[in-house]
1. Which numbered condition trips up VAL12, out of (1) under 17 Å from TYR94 (Cα atoms); (2) buried (at least 18 other Cβ atoms within 10 Å of the Cβ); (3) of a type in the set (A, V, I, L, M, F, W, C)?
2. Restricting the range 18-36 to residues that are over 12 Å from THR77 (Cβ atoms) and of a type in the set (A, V, I, L, M), which is surrounded by the most Cβ atoms within 10 Å (Cβ to Cβ)?
3. Answer yes or no as to whether LYS64 is without any contact (Cβ under 8 Å) to a residue 12 or more places away in the chain and basic (Lys, Arg).
4. Scan the strands (runs of 3 or more DSSP E) fully inside the range 51-115 and keep the ones with 2 or more residues being closer than 16 Å to SER21 by Cα and modelled with pLDDT of 95 or more.
5. Residue pairs, Cβ under 7 Å, 6 or more apart or interchain, first in the range 84-96 and farther than 29 Å from SER31 by Cα, second open to solvent by 10 Å² or more (accessible area, probe 1.4 Å) and among the basic types (Lys, Arg). List them.
6. Kindly list, by first and then second residue, each pair from a residue in the range 37-55 that is open to solvent by 60 Å² or more (accessible area, probe 1.4 Å) to a residue that is part of a loop (DSSP other than H, G, I, E, B) and among the small types (Gly, Ala, Ser), limited to pairs with Cβ atoms under 9 Å and residues at least 6 apart or on different chains.
7. Is it the case that TYR99 is touching a helix residue (DSSP H, G or I) at 6+ places or on another chain (Cβ under 7 Å), over 26 Å from GLY15 (Cα atoms) and in contact (Cβ under 8 Å) with a residue 40 or more places away in the chain?
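The values are calculated or read from the model by the stated rules, or taken from the named source; none is laboratory data. Bear in mind that the values here come from a model prediction, so they are computed numbers and not experimental data. Because the Cβ atoms are built from the backbone with ideal geometry, glycine has one as well, and the counts that use them run over all protein chains shown. Ligands, DNA and RNA are excluded from the accessible area calculation, which covers all protein heavy atoms including side chains. Shrake-Rupley method; radii C 1.70, N 1.55, O 1.52, S 1.80 Å.
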Amino acid sequence: QVQLVESGGGLVQPGGSLILSCAASGIIFSSYNMNWYRQAPGKQRELVAGITSGGSTNYADSVKGRFTISRDNAKNTVDLQMNSLKPEDTAVYYCNAKYPFRAYWGQGTQVTVSS
């Protein structure tokens with residue numbers, strides 16, 4: 001079955017960095033567009049960053065210049081490098097795999113930015 005397993009979340013001080021990783025199994029990873037979403041308490045889930053099967057990337061305006069998404073098709077992983085973290089980046093971060101008429105989600109990993 002399809003599994004997306006996130007790791008790397010935790011507590012970090014403002015200005016700090018974290019790397020989130022998502023390991024995928026059960027899909028032809030290289031064919032999927034991969035995304036990171038986040039959901040803060042009381043807010044809707046929002047797209048943070050995406051990378052297509054061809055390697056094109058896109059970012060939410062709020063994270064441009066601070067976050068970098070990358071993928072390794074040999075390892076079936078997608079990473080999110082997060083720098084200069086702010087308290088407003090606090091949320092549960094979810095990995096998403098998307099293909100025409102198919103979408104899969106991970107269980108989420110908590111990121112808390114606080115002093």
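1. Going through the list (1) under 17 Å from TYR94 (Cα atoms); (2) buried (at least 18 other Cβ atoms within 10 Å of the Cβ); (3) of a type in the set (A, V, I, L, M, F, W, C), VAL12 breaks only (1).
2. Going through the qualifying residues, I end up with LEU18.
3. Working: without any contact (Cβ under 8 Å) to a residue 12 or more places away in the chain: yes; basic (Lys, Arg): yes.
The answer is yes for LYS64.
4. Values: elements: 57-59, 67-72, 77-82, 91-99, 102-105, 109-113.
Where strands (runs of 3 or more DSSP E) fall fully within the range 51-115 and carry at least 2 residues being closer than 16 Å to SER21 by Cα and modelled with pLDDT of 95 or more, they are 67-72, 77-82, 91-99, 102-105, 109-113.
5. Between residues of the range 84-96 that are farther than 29 Å from SER31 by Cα and residues that are open to solvent by 10 Å² or more (accessible area, probe 1.4 Å) and among the basic types (Lys, Arg), the close pairs are SER84/ARG66.
6. Filtered contacts from the range 37-55: GLN39/GLY108; GLU46/ALA40; GLU46/ALA60; GLU46/SER62; LEU47/ALA60.
7. On the way: touching a helix residue (DSSP H, G or I) at 6+ places or on another chain (Cβ under 7 Å): yes; over 26 Å from GLY15 (Cα atoms): yes; in contact (Cβ under 8 Å) with a residue 40 or more places away in the chain: yes.
So TYR99 fits the description; yes.
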